[in-house]
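Undergrad: To start, I am sharing the structure in question, which I have written as structure tokens.
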Amino acid sequence: PIVEDEGSDPVVFNEFQRATLDTIDAMMPYVDIWFVKDMDSKVQATFLADQVCSRSVKPIWVSWRIQGWEDDHYLLPSGDTLKDAVVHLHSWVPNIKAVMANIQGVERNENAISELRKHTILGMDIVMGCYSDVEPEAQRKLGGVQGLEKMSERYMEDIKGWWEIGARTIGTGALMPPEDIALLTGRRQKKRPG
């Protein structure tokens, strides 16, 4: 398997490679930016980015899932450090346009961006950022309409923090209600009461 994950079936590398290349080729005419998202290891991210790079001149963005913290480094699910993943990626795929970390919490976002910045080649024109997904287990625990409202509130708290640390671009996901999207885009100053 590429990555040991309790929720996933083992994947033989050749099967993964064949499926990946077929997917890249099928998407090629419809893509403006390639987003190699939520990578679990340095090898996985570098392999996918390299395959895209060899077939397309479009910008490539890469993100890694952060699973923990150990010895002053963020860890990916594979056990690789975020530092090693960034250095490995830059050594193999030079034309990356953005690197990101999927991690929750504004302070951890700021620390992860600092780590991305430290290990990106000096002088590269590259976007750095963070985003956070609600974990499937948390979604199940929250559940229903009330759960969606709680997730939305939590996300809006993160957004306030991202603004405070200087984020220039903030996007949203499918779970955000219209009034929060309006607030996020500046079309509303505050939420409706009740």
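Undergrad: Would you say Ser41 is modelled with pLDDT of 90 or more, of a type in the set (S, T, N, Q) and under 23 Å from Ile126 (Cβ atoms)?
TA: For Ser41, the condition - modelled with pLDDT of 90 or more, of a type in the set (S, T, N, Q) and under 23 Å from Ile126 (Cβ atoms) - is met.
Undergrad: If you don't mind, there's one more thing I want to ask. Please name all residue pairs, on different chains or six or more residues apart, with Cβ atoms under 9 Å, provided the first residue is in segment 2-26 and is of a type in the set (S, T, N, Q) and the second residue is at pLDDT 80 or above and not in a loop (DSSP other than H, G, I, E, B).
TA: That search, which allows pairs on different chains as well, returns Gln17/Phe47; Gln17/Gln51; Thr20/Phe47; Thr20/Leu48; Thr20/Gln51.
Undergrad: Return the total of residues in segment 60-78 being out of contact with any Asp or Glu (no Cβ under 8 Å at 6 or more places or on another chain) and open to solvent by 50 Å² or more (accessible area, probe 1.4 Å).
TA: So the count comes out to 6.
Undergrad: Let me ask another. Quick one: which residue in Lys97, Lys83 is surrounded by fewer than 21 Cβ atoms within 10 Å (Cβ to Cβ), among the charged types (D, E, K, R) and within 20 Å of Asp72 (Cβ to Cβ)?
TA: Lys83
Undergrad: Continuing with this model, one more query. Tally the residues that are among the polar types (S, T, N, Q) and open to solvent by 60 Å² or more (accessible area, probe 1.4 Å), restricting the search to segment 41-59.
TA: Qualifying residue count, segment 41-59: 1.
Undergrad: Restricting the search to segment 14-69, which residues are among the β-branched types (Val, Ile, Thr) and in a strand (DSSP E or B)?
TA: The answer is Val36, Ile60, Val62.
Undergrad: Looking for something modelled with pLDDT under 70, surrounded by 12 or more Cβ atoms within 10 Å (Cβ to Cβ) and assigned to a helix (DSSP H, G or I) - is there at least one such residue anywhere in segment 159-172?
TA: Within segment 159-172, none of the residues are modelled with pLDDT under 70, surrounded by 12 or more Cβ atoms within 10 Å (Cβ to Cβ) and assigned to a helix (DSSP H, G or I).
The values are calculated or read from the model by the stated rules, or taken from the named source; none is laboratory data. Note that the structure is predicted; figures quoted are calculated from it, not measured. Here the Cβ is made from the backbone with ideal geometry for all residues, glycine too, and neighbour counts use every protein chain on show. Just the protein is used for accessible areas: all its heavy atoms, side chains included, with ligands, DNA and RNA removed. Shrake-Rupley method; radii C 1.70, N 1.55, O 1.52, S 1.80 Å.
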